[in-house]
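Okay, so here's the structure we're looking at.
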Amino acid sequence: MRAYLKELYNRRLRVGPEKLRHRSEFMNWNYNAEIYAFGKRLGEEFSNDSLQAAFTHRSYIEAEEARRADLGIDVASAPLGLTDNSELTQKGEETASRYIKAYLRSSYPTMFEEAIVAIHDHLMSDDTLSHIASHIGIGDLMLCSDFPPEESTLSKNFLAVVGALETDKGVKRAESLVRDLVLAQLVGKELMELWSVTNPMGLLMAVLDSQGRGPPEPRLQWQAGQRTIMAVYQVGIYSDKQLIGQSAGERVTIAEDMAAQDALQRMMGIGSGHMPLTFRTEADKMELRYDPKNISAEELMQTYELRQKENSVS
C-alpha cells in the first residue's frame with residue numbers, strides 16, 4: 001500500500017492543483033436556494049427579482065447573447081429576460097458614499113474634511129468592497145463573463161446589493177447594511193494612516209492660531225542610544241505650557257513630525273484613547289450630518305498664511 005499511495009501522491013503533484021471552478025459547476029448547486037439563503041445570511045428580506053438583477057453583470061448578458069447568436073437563435077424573438085445591475089450599482093454607490101461621509105462627520109465633528117474624504121475613498125475602493133463581497137458569498141452568486149471575477153466587478157456587485165436593498169426596504173435599511181459591513185472595516189485601523197499630512201507642524205500652527213492658543217513648542221523629553229543605530233528621541237509639543245502631543249522617532253525631526261501628527265489626532269478625536277465607533281441599534285439614534293462639511297485643513301492653512309503676511313506687512 002505504501003508504494004501505491006506514494007505513486008498516487010506523485011501523480012497528484014505532476015498534474016498540479018485542481019482548476020478553480022465556479023460553485024455552479026458542482027452537482028448540489030441550486031441557484032434559487034442560494035439566492036434565498038444570501039438574504040437570510042445578511043438578515044435582510046430581498047425580493048427575488050431585485051436580488052437576481054443585482055447579481056447579473058452586463059458582461060454576462062452580452063456573452064449569452066453572443067452565444068445564442070452563434071447558435072443561430074434570434075435574440076429579439078427569444079430574449080433572455082435578464083436585467084443588468086448598472087442602475088442598482090449607481091443607486092447603491094450614491095447611498096453608500098453619502099452615508100459614509102455623514103456617519104464620519106457625525107462621529108468625528110472636529111475631523112478635517114480632507115481626512116473624511118480620505119477615509120471615505122479607502123472604504124469605497126475596489127480593494128475594500130471586493131474584500132467584503134468575497135466574504136459574504138457574492139463571488140459565488142454573481143453572473144459575469146470572467147471567472148474568477150475582478151475586484152472592480154465584485155465591488156460594483158456589492159454596491160448593487162445595497163441598491164437592491166434600498167429598492168426593496170428603503171434607504172434606512174441600505175444605510176444600516178453599509179454601516180455594519182463597510183464602516184466596520186475601520187475597527188482596529190489607525191485612521192491617521194489613511195490620510196497623508198504633508199506638513200503636520202504647519203497645520204498644527206494654523207489650528208492653534210485659529211483657536212487663539214499659543215504656537216506649538218517642540219521640546220526634547222528624553223533620548224537614548226544616540227551613538228548607535230538604534231537611537232531614539234522622544235519629542236513633546238507644548239502650547240501655553242500644556243502638552244498637546246508627543247511621539248518618538250529615530251531622529252529628532254522625525255519625532256517632531258510624529259508628535260505634531262499625534263497632536264492633530266487628539267484634536268480630531270482619533271487619538272489612542274478615542275471613543276470607538278457606534279454600531280448596531282445605538283447607531284440608529286445618531287443625528288447624521290449629511291449636508292454641512294467639516295472644517296477644511298487647506299482653507300485653514302490659507303487663512304493662517306494670509307494672516308501671517310498681513311502681520312508681516314503691518
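The values are calculated or read from the model by the stated rules, or taken from the named source; none is laboratory data. Keep in mind that this is a model prediction, so the values were computed, not measured. Here Cβ is always computed from backbone atoms with ideal geometry, including for glycine, and neighbour counts include all displayed protein chains. The protein model used for the area step is the full one, side chains on, heavy atoms only, and it has no ligands, DNA or RNA in it. Shrake-Rupley method; radii C 1.70, N 1.55, O 1.52, S 1.80 Å.
Observations on the model:
- Seen against the Cα atoms of the chain and their longest principal axis, helix 200-210 is set at about 70 degrees.
- Within the accessible area of segment 258-314 (1.4 Å probe), percent carbon and sulfur: 49
- Within-10-Å neighbourhood charge of residue 218 [Cβ basis; K, R +1; D, E -1]: -2
- Computed over segment 115-271, the percent of Cα pairs more than 28 Å apart is 45.
- Anchor residue 91: lysines whose Cα lies under 17 Å away (excluding residues fewer than 8 positions away in-chain): 101, 156, 169, 172
- For residue 56, distant residues with modelled amide H under 5 Å away: 85, 143
- Subtracting the Cα-Cα distance of residue 287 and residue 28 from their residue separation scaled by 0.36 nm leaves 88.6 nm.
- Heavy-atom accessible surface of segment 29-161: percent carbon and sulfur, 1.4 Å: 48
- Amide H contacts for residue 221 (H built 1.01 Å from N in the peptide plane; partners 5 or more residues away or on another chain; cut-off under 5 Å): 234, 235, 236.
- Whole-number D in µm²/s for segment 1-90 (Stokes-Einstein; Kirkwood sum over Cα pairs; 4 °C, 1.567 mPa s): 76
- Pairs of Cα atoms farther than 16 Å apart, segment 18-59, %: 47
- Within the listed set 228, 253, 89, the residue fluctuating most in the Gaussian network model of the chain (springs between alpha-carbon atoms under 10 angstrom) is 228.
- Taking a quarter of the surface of the Cα convex hull of segment 142-209 gives a mean projected area of 8.1 nm².
- Per residue, the chain exposes 59 Å² of solvent-accessible protein surface, assessed with a 1.4 angstrom probe and all protein chains in place.
- Taking 53, 102, 283 in turn, the Gaussian network model of the chain (Cα-Cα springs below 10 Å) assigns the largest fluctuation to 283.
- Near residue 6: Cβ cut-off under 14 Å, other residues only, Lys/Arg at +1 and Asp/Glu at -1. The net charge is +3.
- Computed from Cα positions, the angle between helix 58-70 and the longest principal axis of the chain comes to roughly 30 degrees.
- Calculated on alpha-carbon atoms, Rg and Dmax of segment 78-207 in Å: 17.1, 69
- Gaussian network model of the chain, Cα within-10 Å springs - most flexible of 123, 13, 165: 13
- Taking every alpha-carbon pair in the chain and binning the separations at 10 Å intervals from zero gives 5, 19, 22, 18, 15, 12, 6, 2, 0, 0 percent.
- Taking the square roots of 5 times each eigenvalue of the Cα gyration tensor of segment 185-314, largest first, gives ellipsoid semi-axes of 29, 24, 12 Å.
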